[in-house]
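Just so it is clear, none of the values below were taken in a lab; they were calculated from the coordinates. Keep in mind that what you see is a predicted model, and the values were worked out from it rather than measured. Methodologically, a virtual Cβ is constructed for each residue, glycine included, from the backbone with ideal geometry; neighbour enumeration extends over all protein chains shown.
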Amino acid sequence: MDAALPATEITALLGRGTHFEGKLHFEGQVRIDGSFRGEIRSESVLVIGEGADVAGEIDVATVIIKGGRVDANVRASQSIELYVPAQVSGSLHSPEIFMDKGVQFSGTCTMAPL
């Protein structure tokens, strides 16, 4: 059977100590705790964890940045969530943007449908 995955289940993990360059296209939820350079596209959820170092273009449904450093143009069709101790620079564009008190952010922020 092709049952839908639970919302909390991670389908792929780029763990600490891993380094990846290129294009990542996925379904389900992906978590990055390592280093990523390139393009990320999905109709699903991307989680960026502590220790992550992500640079490039991100275009997903929802992105949750729980920590790490992100230098990217981020477009999310549903929402962007930033939590301490995240360090984010670049442009954010989503209908919903949540930024925790203490998040380091520099760049532009547009709250509007894509």
Q | Structure-derived semi-axes √(5λ) of the Cα gyration tensor in Å - corresponding label in (1) 32, 13, 11; (2) 20, 17, 13; (3) 27, 17, 10 | A | (2)
Q.
Once you order the gyration tensor axes a ≥ b ≥ c over the Cα atoms, which shape class does the stretch 8-53 get: rounded for a/c under 1.5, otherwise prolate or oblate by comparing a/b with b/c?
A. oblate
Q. Hey, with R₀ at 22 Å, roughly what FRET efficiency would residue 110 and residue 13 work out to, going by the Cβ-Cβ distance, to 0.05?
A. 0.15
Q: For residue 52, enumerate residues with amide H under 5 Å from its amide H, sequence gap 5+ or separate chain, H modeled in the peptide plane.
A: 68, 69
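Counting pairs of alpha carbon atoms under 8 Å apart in space and at least six apart in sequence, what relative contact order in percent does the chain give? It would help to have the intermediate numbers written out before the result.
Numbers: 327 pairs, mean separation 17.7, N = 114.
Once normalised by length, the contact order is 16 percent.
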**Q.** Stretch gain in nm, segment residue 41-residue 20, where the contour uses 0.36 nm per residue and the Cα spacing is subtracted
**A.** 6.1 nm
